[in-house]
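Take a look at the structure set out below.
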Amino acid sequence: MSLFSKKPLVPKKPGGPSPIRKLAGETVSQRLDANPAVKRAKIDKAQVYYHMDFLIPAQCTALMRLIDSNRRPSTLLSESGDTTFRTSESCDMDRWSPAVQPIDESIANLLGLPPANGETMQGQRYAPGQQFRAHHDFFHEGQHYWEAMKASGGQRTWTAMIYLNNVEEGGATWFPQAGIRVAPKRGLLLAWNNMHPDGSPNEFTLHEGMPVVKGTKYIVTKWFREGAWLKQ
């Protein structure tokens, strides 16, 4: 079985164990555990890793400028009538641009995942008071959007998030069920496996972009699928 499979192996039971997702969890965690620049969070309920100074200040500044020039209101896949659920602004990055491609590919290389499995890297901007309430990055397979997601690479496995600046107050990423809270720090990459070790969705990866109190928060997020998201 290969992580380079073009067609995701979907478990027979929705939300159940999956060999390909299990393999992604094992191979990425082994790679990160062997990297001296990467530290694993001391929690048991989810696989969460840190890489300090993954980006240099100039790269962070360039990405912040891209976000500012192309930002739009953030959206949700799920149907929600709560207008306060996600109030940030987002920017879909051009993965082939000179400012984005090296970073995009370096994230895939860090995790050891096929670049084609990575979705378009997304930038997010949070002004004071803006937030993203508690949610999962993995897809809920009973939702209306699942058929479309299944056809475009399948389930999300790993998430990589990079903080582009320090925030004066607020804006932490909080995993309430896993018991971890991460404050924004320029250049810090945070990565986590959205699956349990058996490849089933890990509900303990529920996380929240807490409201910014002072300053403006900039991040980029890269999601990886179990199969190829980028069509050849």
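The values are calculated or read from the model by the stated rules, or taken from the named source; none is laboratory data. These numbers come from a predicted model, not from an experiment. Cβ: placed from backbone, ideal geometry, glycine included. Neighbour counts: every protein chain shown.
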For GLN124, which of the numbered conditions (1) in contact with a Phe, Trp or Tyr (Cβ under 8 Å, 6 or more places away or on another chain); (2) in a helix (DSSP H, G or I); (3) closer than 20 Å to ASP137 by Cα fails to hold? (2)
I'm told LEU55 meets every condition in (1) of a type outside the set (Phe, Trp, Tyr); (2) assigned to a loop (DSSP other than H, G, I, E, B); (3) over 30 Å from PRO36 (Cβ atoms) except one. Can you identify the failing condition by its number? (3)
Taking the residues in region 150-163 that are surrounded by fewer than 19 Cβ atoms within 10 Å (Cβ to Cβ) and either in a loop (DSSP other than H, G, I, E, B) or of a type in the set (A, V, I, L, M, F, W, C) (or both) as candidates, determine which candidate is nearest to the chain's Cα centre (by Cα). SER152
Some residue of region 72-84 being more than 21 Å from GLU226 (Cβ to Cβ) and not in a loop (DSSP other than H, G, I, E, B): yes
Is it the case, given these coordinates, that MET195 is touching a residue at least 12 places away in the same chain (Cβ under 8 Å), surrounded by 20 or more Cβ atoms within 10 Å (Cβ to Cβ) and touching a helix residue (DSSP H, G or I) at 6+ places or on another chain (Cβ under 9 Å)? yes
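Any residue at all in region 158-170 that's farther than 14 Å from LEU77 by Cα, polar (S, T, N, Q) and in contact (Cβ under 8 Å) with a residue 60 or more places away in the chain?
Yes: region 158-170 contains one or more residues that are farther than 14 Å from LEU77 by Cα, polar (S, T, N, Q) and in contact (Cβ under 8 Å) with a residue 60 or more places away in the chain.
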Tell me which residues, restricted to region 1-58, are at pLDDT 95 or above, among the small types (Gly, Ala, Ser) and touching a Ser or Thr at 6+ places or on another chain (Cβ under 9 Å). SER18, ALA24, GLY25, ALA46
Reported set for region 205-217 where residues are of a type outside the set (Val, Ile, Thr), crowded, with 18+ Cβ neighbours inside 10 Å and more than 14 Å from the chain's Cα centre (by Cα) is MET210, PRO211, LYS217
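Go through region 164-173 and give me each residue that's assigned to a strand (DSSP E or B) and on the phi < 0 side of the Ramachandran plot. Give the derivation first.
Filtering region 164-173 down to residues assigned to a strand (DSSP E or B) leaves 169-170, 173.
Those that are assigned to a strand (DSSP E or B) and on the phi < 0 side of the Ramachandran plot: GLU169, THR173.
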May I ask you to verify whether ALA228 is out of contact with any His (no Cβ under 7 Å at 6 or more places or on another chain), surrounded by fewer than 20 Cβ atoms within 10 Å (Cβ to Cβ), farther than 25 Å from ALA37 by Cα and not β-branched (Val, Ile, Thr)? no
